[in-house]
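Any read-out appearing in this document is the output of simple, stated calculations on the displayed coordinates, not a laboratory observation. Owing to the predicted nature of the structure, the values given are computational and were not obtained by experimental measurement. Because the Cβ atoms are built from the backbone with ideal geometry, glycine has one as well, and the counts that use them run over all protein chains shown.
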């Protein structure tokens, strides 16, 4: 028992002894008192001890917050609320204390009390996104009715759908519809949901819509079988055939007939995988779909996006995504999240995946062949029919009516390829269609998640520009088309320029008035706009060792997926002997690069296969303060060498033979400021973002440890073999 000791005020000798020890948390003391004598006695004892024994106990604000959490977890909600109310009196300016009290009140269904304290927490700390999220959720509970539906498709499969309808029935509302493979569970009367609002932004509920969220076929409470990137090949005139487009059509038809107070207009929106489903709603679109927002969509499985880049496995992301999402065979519809397939603890993915060894060990040591899509990846190591029928762009045809907004980010670590190629596919195959591109400087989905700013060492304005996108672009886009709320005309391309962080409008993307400029790799690490004049053998060499790959971030810092890799300081890589560095002169005026960057290398290797990674880097001047000498990654990508001529028919390198390797880096919109330098880095590994190449011509998915060998790679930069990059530049 603590009580007899607590009432004794220690003397000087006792003081010295206590000072040498770590203070005991007051929360531990109060927990025992609460269990014995109740909360009122515990609070009185707190006041007494704070006056008489402050040197002995830790009275920090977290003590009572943690105590409240313990009481909540043990079912003592009333006691928890009393303790947290008391803590809010002691620490009235603590947002974490107010947040903890608000969540406890929410669990008691005291919406008014919860709302008051979430708002107080947000007033103290405007960056408190958890409080903002709960306030958004409470608004939904107070102003919307939720309906759970099972919508039948043309083949009889029923898809679980949640419908949120405004409680105000005095008018009719348009429908905003999204389809997702993730948990389509948005803020309702249930507590602590992981999404706070059911629309594409926090302002949308107050604007008045009917929100519809659907679990796609085979996910959670929907019936049927799930397929990753399900081929959109159904004959829409055959009632027995289905795909994502028919499921979207059938769902919209049912909603219009069965959800009261709709105005007959439907907008579709989706982000990431949701963007993929939103895009497919355009195919043979329901006539009531009048506006579609496609945000950072998945679009490709082998050439770009989540699973491969130019034939190289985008290793870390799909390993973590497939492991956590699961996608293992299920017994039937369920609201439960599937546990990770591999449940081992991983503190550093660089070390873990390197020690895992060849890709064949993923199944042998981690997944035991349970993840079907991984099994598919392993079995389809070239751009065969399996991948071709899953390419989104080929289906973006015969689109006329819906207005389309395609949006994404230059620093999207997952689906930049999908954003740009979906926009181009729609634009190129549907003359006259209303189709606009909006690009920011966010990481994947950050404009939706309301991330704090600035982002990364270079301070990208994520939150400010994300708010602008949602409030000044996305919201008026849907209002204009779904509510006749004024005319809203987007330019062809509205893009945020990194380097200056300024918005620009263009009539075409990329801008037609951009100038093609070539930057040639040269001897002694020079990068020049002047073509080389040296003899044919001028070159740079490095040894590539699969056992010691170049990491995409400092290797000791890869504890998970870090989206900052898209603009991270590359000095750690430039310092390695297996990274070639070519640097230009100091710029005398700003130079803005727009659009894709073409890579044209002349190389050789002592092996029979090799990866070629090219990075374009913005080097800050030496007088840039904390960013002095910073090497900001602007764009980089990988080319698996055996696919240099064909993604369908790989071919080996002939050891020692000069070989041309060409590929395209995805679009940029970046200004290199006066005083900066342009740098190009060339390397042959980028692990674990991408898998390791054994540097022998084999099926890498079946490769054994013995297939991995060191190799000497050579990059030529001579008059005969002028390795270079070609950019589109706007001079300022």
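Considering the stretch 427-486, its Cα convex hull presents a mean projected area of 5.6 nm². Between residue 589 and residue 346, the contour length at 0.36 nm per residue exceeds the alpha carbon distance by 82.8 nm. When a/c reaches 1.5 or more, the comparison of a/b and b/c decides; with that in mind, is the stretch 308-388 rounded, prolate or oblate per its Cα gyration tensor? Because a/c hits 1.5 or more and a/b fails to exceed b/c, the stretch 308-388 counts as oblate.
Across bins of 10 angstrom width beginning at 0, how are the C-alpha pair distances of the chain distributed, in whole percent? Once binned at 10 Å, the Cα pair distances of the chain give 3, 13, 20, 22, 19, 13, 7, 3, 0, 0. Calculated from the alpha-carbon coordinates, the stretch 572-634 shows an Rg and a Dmax of 14.8, 45 Å respectively.
Antiparallel beta bridges, as assigned by DSSP with both residues in the stretch 66-215, represent about 70 percent of the total such bridges. The calculated pair-distance distribution of the stretch 554-600 uses every alpha carbon pair, bins of 10 angstrom beginning at 0, and gives 16, 36, 37, 11 percent. What does the C-alpha gyration tensor say about the overall shape of the stretch 598-684? Classify as rounded when a/c is under 1.5, otherwise prolate if a/b is larger than b/c, or oblate. It is prolate, given that a/c is not under 1.5 and a/b is the larger ratio.
With N the number of residues in the stretch 515-731, Rg(Cα) / (2.2 N^0.38 Å) evaluates to 1.00. Report for the chain the percent antiparallel among DSSP-assigned beta bridges with both residues inside it, nearest 5. If I count the DSSP bridges inside the chain, around 70 percent turn out antiparallel. Note on the stretch 467-513 and the stretch 660-676: Cα centroid distance 23 Å, given to the nearest whole angstrom.
For the chain, averaging the sequence separation of C-alpha pairs within contact (under 8 Å, six or more residues apart) and dividing by the residue count gives a relative contact order of 11 percent.
Shown for the stretch 214-257 is the translational diffusion coefficient from the Stokes-Einstein equation, using the Kirkwood radius over Cα pairs, a temperature of 37 °C and a viscosity of 0.692 mPa s: 293 µm²/s. Taking the DSSP beta bridges with both ends in the stretch 515-731, the antiparallel portion is around 95 percent.
At the listed q of 0.16 Å⁻¹, the Debye profile of the stretch 426-558, built from one uniform point per Cα, gives log10 I(q)/I(0) equal to -1.04. For the stretch 538-583 versus the stretch 234-281, the inter-centroid distance based on Cα atoms is 44 Å. Summarised as an ellipsoid, the stretch 101-251 has semi-axes of 35, 16, 13 Å, derived from the eigenvalues of the Cα gyration tensor scaled by 5 and square-rooted, with the largest first. Descending by average beta-carbon neighbour count within 10 Å, the peptides 422-428, 98-104 line up as 98-104, 422-428, the highest first. Only Cα sites of the stretch 212-313 enter the Debye sum here, all with the same form factor; the resulting log10 I(q)/I(0) across q = 0.24 1/Å is -1.43, listed in q order. Sorted from longest to shortest, the spans of the Cα atoms of the stretch 391-467 along the three principal axes equal 43, 22, 17 Å.
The separation of the stretch 339-401 from the stretch 591-648, counted between C-alpha centres, amounts to 25 Å.
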